[in-house]
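The values are calculated or read from the model by the stated rules, or taken from the named source; none is laboratory data. Small disclaimer: the values here were computed from a predicted structure and weren't measured. So basically every Cβ, Gly included, is an ideal-geometry build from the backbone, and we count neighbours across all protein chains shown. Surface areas here come from the heavy atoms of the whole protein model, side chains and all, with no ligands, DNA or RNA. Shrake-Rupley method; radii C 1.70, N 1.55, O 1.52, S 1.80 Å.
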Amino acid sequence: LNKPSGIPTQGGTGVDLSVADLLPALQFDKAEPPRFTHRLDKDASGILILGRTKATTTQLMRHFAKPPRAFAGGHRTPRAG
């Protein structure tokens, strides 16, 4: 799920709308709505990975328990000094 900045992943005090509020719309024919495998800060934009079942969510969460990695395109130019 592509989360824009400015919308919190989960609700809280003073939050009118969060991504969690929208998960039931992604339930479709499943018994439960999808679950978060991780979260992003309100001001961060990026991809949220959701699990369709509790078992799948647990497996995916194990991957996010590892130290975070960043991916970038282009070529790195070493700086002198």
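Counting only protein heavy atoms, what percent of the accessible surface of the chain is carbon or sulfur at a 1.4 Å probe? Let's see the in-between values first.
On the way: 3580 of 6660 Å².
That fraction is 54 percent.
Hand me the chymotrypsin sites (Phe, Trp or Tyr not before Pro) from the stretch 22-81 located in a DSSP loop with no more than 15 other Cβ atoms within 10 Å, in residue order please.
Filter output for the stretch 22-81: PHE28, PHE71.
Once you keep just the Cα pairs under 8 angstrom separated by 6 or more residues, what percentage relative contact order results for the chain?
About 27 percent, as a whole number.
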Farthest towards the positive end of the dipole of the chain, among GLN59, GLY73, SER5 and with Cβ unit charges of +1 on Lys and Arg and -1 on Asp and Glu, lies the Cα of GLY73
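What FRET efficiency comes out for LEU26 versus ARG62 if R0 is 25 angstrom and r is the Cβ-Cβ distance? Round to the nearest 0.05.
That pair, LEU26 with ARG62, gives E of 0.65.
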So which lysines can LYS30 reach, going by Cα to Cα under 17 Å and dropping same-chain residues fewer than 8 places off? LYS54
Loop only by DSSP, 11 or fewer other Cβ within 10 Å of the Cβ. Give me the trypsin sites (Lys or Arg not before Pro) in the stretch 16-81 that pass, ordered by residue number. LYS30, ARG69, ARG76, ARG79
About its Cα centre, what dipole magnitude does the chain give when the only charges are +1 on Lys and Arg Cβ and -1 on Asp and Glu Cβ, stated in debye to the nearest 20? 540 debye
Computed FRET value (nearest 0.05) for THR13 with ALA72, which takes r as the C-beta separation and R₀ as 22 Å: 0.05
For the chain, count all C-alpha to C-alpha pairs, find those more than 14 Å apart, and express that count as a whole percent of the total. 70 percent
